[in-house]
1. Quick check on my filter: what residues within the stretch 119-133 are open to solvent by 10 Å² or more (accessible area, probe 1.4 Å) and either of a type outside the set (A, V, I, L, M, F, W, C) or modelled with pLDDT of 95 or more (or both)?
2. Restricted to the stretch 138-171, and to residues that are open to solvent by 60 Å² or more (accessible area, probe 1.4 Å), β-branched (Val, Ile, Thr) and at pLDDT 90 or above, which residue is farthest from residue 88 (Cα to Cα)?
Amino acid sequence: MRTAAFCIAAAVFAGEAVAADIYVATTGSDAADGTQASPFATLPVAIAAANSAIDGGEESVTIHIASGTYTGSGYVLDKAVTVQGAGVGETIFDGNGGYRIFSLLSSGAQLKNVTVKGGKFTAAGQQGAGVYMEAGLIEDCIIDSCGSNTAATYGGGVYASGGRINRTKFT
(Lines give C-alpha, C1' and ligand atoms only; values in the text may rest on other atoms or scores of the structure.)
Protein backbone atom coordinates (compact mmCIF):
# COMPACT_ATOMS: atom_id res chain seq x y z
CA MET A 1 0.00 0.00 0.00
CA ARG A 2 1.39 3.41 -0.93
CA THR A 3 1.24 6.12 1.70
CA ALA A 4 0.94 9.84 1.13
CA ALA A 5 4.53 10.39 2.21
CA PHE A 6 5.78 8.23 -0.66
CA CYS A 7 3.60 10.04 -3.20
CA ILE A 8 5.01 13.48 -2.46
CA ALA A 9 6.93 14.94 -5.35
CA ALA A 10 10.46 16.10 -4.58
CA ALA A 11 12.60 17.87 -7.13
CA VAL A 12 16.33 17.46 -7.47
CA PHE A 13 18.49 20.29 -8.80
CA ALA A 14 22.27 20.15 -9.16
CA GLY A 15 22.43 17.15 -6.84
CA GLU A 16 20.69 18.91 -3.94
CA ALA A 17 17.27 17.91 -2.65
CA VAL A 18 14.65 20.62 -2.87
CA ALA A 19 11.81 20.72 -0.36
CA ALA A 20 8.91 18.38 -0.98
CA ASP A 21 5.54 19.86 -1.87
CA ILE A 22 2.09 18.83 -0.63
CA TYR A 23 -1.18 20.38 -1.78
CA VAL A 24 -4.51 21.04 -0.02
CA ALA A 25 -7.72 22.34 -1.56
CA THR A 26 -11.32 22.60 -0.39
CA THR A 27 -12.19 20.41 -3.41
CA GLY A 28 -9.58 17.79 -2.46
CA SER A 29 -9.94 14.44 -0.71
CA ASP A 30 -8.09 13.10 2.31
CA ALA A 31 -7.93 9.79 0.43
CA ALA A 32 -5.90 11.54 -2.33
CA ASP A 33 -2.12 11.54 -2.57
CA GLY A 34 -1.54 15.26 -1.81
CA THR A 35 -0.11 16.13 -5.22
CA GLN A 36 -1.13 19.26 -7.10
CA ALA A 37 -3.37 17.16 -9.37
CA SER A 38 -4.86 15.25 -6.42
CA PRO A 39 -4.77 17.47 -3.30
CA PHE A 40 -5.78 16.60 0.24
CA ALA A 41 -8.90 18.23 1.68
CA THR A 42 -7.67 19.01 5.19
CA LEU A 43 -4.57 20.42 6.82
CA PRO A 44 -4.23 17.70 9.52
CA VAL A 45 -3.78 15.02 6.84
CA ALA A 46 -1.25 17.22 4.99
CA ILE A 47 0.71 17.90 8.20
CA ALA A 48 0.84 14.16 8.95
CA ALA A 49 2.14 13.49 5.41
CA ALA A 50 4.71 16.31 5.75
CA ASN A 51 5.95 14.98 9.09
CA SER A 52 6.20 11.50 7.59
CA ALA A 53 8.23 12.84 4.65
CA ILE A 54 10.61 14.65 7.02
CA ASP A 55 10.96 11.52 9.14
CA GLY A 56 11.77 9.73 5.88
CA GLY A 57 14.63 12.10 5.03
CA GLU A 58 13.18 15.26 3.47
CA GLU A 59 14.81 18.40 4.89
CA SER A 60 11.61 20.45 4.71
CA VAL A 61 8.12 20.32 3.25
CA THR A 62 5.87 23.07 1.90
CA ILE A 63 2.13 22.58 2.17
CA HIS A 64 0.45 24.71 -0.50
CA ILE A 65 -3.07 25.71 0.56
CA ALA A 66 -5.48 26.73 -2.21
CA SER A 67 -7.89 29.62 -1.86
CA GLY A 68 -10.82 28.90 0.40
CA THR A 69 -11.89 28.81 4.03
CA TYR A 70 -10.66 25.96 6.21
CA THR A 71 -12.41 25.56 9.56
CA GLY A 72 -10.63 24.03 12.54
CA SER A 73 -7.93 24.52 15.13
CA GLY A 74 -5.10 22.72 16.87
CA TYR A 75 -2.65 22.64 13.93
CA VAL A 76 0.86 21.91 15.30
CA LEU A 77 3.98 22.59 13.21
CA ASP A 78 6.86 21.00 15.12
CA LYS A 79 9.09 20.19 12.14
CA ALA A 80 10.43 22.14 9.14
CA VAL A 81 6.98 22.53 7.57
CA THR A 82 5.78 25.64 5.75
CA VAL A 83 2.05 26.29 5.40
CA GLN A 84 1.85 28.54 2.31
CA GLY A 85 -1.51 30.06 1.38
CA ALA A 86 -2.67 31.55 -1.91
CA GLY A 87 -2.76 34.98 -0.24
CA VAL A 88 -4.24 36.83 2.72
CA GLY A 89 -7.98 37.08 2.33
CA GLU A 90 -7.85 34.17 -0.11
CA THR A 91 -6.65 31.34 2.15
CA ILE A 92 -8.44 31.61 5.48
CA PHE A 93 -8.09 29.43 8.57
CA ASP A 94 -11.17 30.05 10.70
CA GLY A 95 -10.94 28.71 14.24
CA ASN A 96 -14.69 29.23 14.47
CA GLY A 97 -14.36 30.07 18.15
CA GLY A 98 -12.18 27.02 18.85
CA TYR A 99 -9.02 26.86 20.93
CA ARG A 100 -5.68 28.01 19.38
CA ILE A 101 -5.50 27.64 15.62
CA PHE A 102 -1.73 27.17 15.05
CA SER A 103 1.30 26.27 17.19
CA LEU A 104 4.75 26.90 15.68
CA LEU A 105 7.28 24.93 17.70
CA SER A 106 10.23 24.43 15.31
CA SER A 107 12.70 26.93 13.90
CA GLY A 108 11.76 25.54 10.47
CA ALA A 109 8.00 26.00 10.95
CA GLN A 110 6.53 28.75 8.77
CA LEU A 111 3.10 30.26 8.23
CA LYS A 112 2.86 32.42 5.09
CA ASN A 113 0.21 34.26 3.05
CA VAL A 114 -2.83 33.24 5.08
CA THR A 115 -5.53 34.81 7.21
CA VAL A 116 -5.93 33.31 10.69
CA LYS A 117 -9.18 34.26 12.38
CA GLY A 118 -11.59 33.27 15.09
CA GLY A 119 -9.30 31.58 17.63
CA LYS A 120 -10.88 32.01 21.08
CA PHE A 121 -10.08 31.24 24.71
CA THR A 122 -12.56 30.78 27.52
CA ALA A 123 -10.23 30.67 30.54
CA ALA A 124 -7.86 33.28 31.96
CA GLY A 125 -4.10 33.03 31.45
CA GLN A 126 -4.10 31.23 28.10
CA GLN A 127 -1.64 32.22 25.36
CA GLY A 128 -1.94 32.71 21.62
CA ALA A 129 -5.53 32.11 20.50
CA GLY A 130 -4.55 32.63 16.86
CA VAL A 131 -0.94 31.41 16.93
CA TYR A 132 1.30 30.22 19.75
CA MET A 133 4.89 30.58 18.58
CA GLU A 134 8.04 29.29 20.27
CA ALA A 135 10.08 29.43 17.05
CA GLY A 136 9.63 29.74 13.31
CA LEU A 137 8.22 32.46 11.08
CA ILE A 138 4.89 34.16 10.45
CA GLU A 139 5.07 36.21 7.26
CA ASP A 140 2.62 38.15 5.08
CA CYS A 141 -0.40 37.09 7.15
CA ILE A 142 -3.46 38.66 8.73
CA ILE A 143 -4.34 37.66 12.28
CA ASP A 144 -7.97 38.64 12.82
CA SER A 145 -10.43 38.52 15.72
CA CYS A 146 -8.50 36.14 17.98
CA GLY A 147 -8.46 36.31 21.78
CA SER A 148 -11.11 36.16 24.45
CA ASN A 149 -14.30 38.06 25.11
CA THR A 150 -14.50 37.00 28.77
CA ALA A 151 -11.04 36.26 30.22
CA ALA A 152 -7.61 37.89 30.48
CA THR A 153 -5.29 36.16 27.99
CA TYR A 154 -1.79 36.80 26.69
CA GLY A 155 -1.11 37.44 23.02
CA GLY A 156 -4.67 36.89 21.85
CA GLY A 157 -3.66 37.03 18.18
CA VAL A 158 -0.10 35.73 18.54
CA TYR A 159 1.85 34.81 21.64
CA ALA A 160 5.52 34.69 20.62
CA SER A 161 8.28 33.59 22.98
CA GLY A 162 10.58 33.11 19.97
CA GLY A 163 10.60 33.22 16.19
CA ARG A 164 9.95 36.11 13.82
CA ILE A 165 6.91 37.95 12.51
CA ASN A 166 7.30 39.84 9.20
CA ARG A 167 4.77 41.98 7.30
CA THR A 168 1.80 40.71 9.28
CA LYS A 169 -1.32 42.70 10.13
CA PHE A 170 -3.32 42.30 13.34
CA THR A 171 -7.00 43.27 13.29
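1. Scanning the stretch 119-133 gives 120, 122, 125, 126, 127, 132.
2. 165
The values are calculated or read from the model by the stated rules, or taken from the named source; none is laboratory data. Nothing here was measured: the structure is a model prediction, and the numbers come from that model. Only protein heavy atoms, including side chains, enter the accessible area calculation; ligands, DNA and RNA are left aside. Shrake-Rupley method; radii C 1.70, N 1.55, O 1.52, S 1.80 Å.
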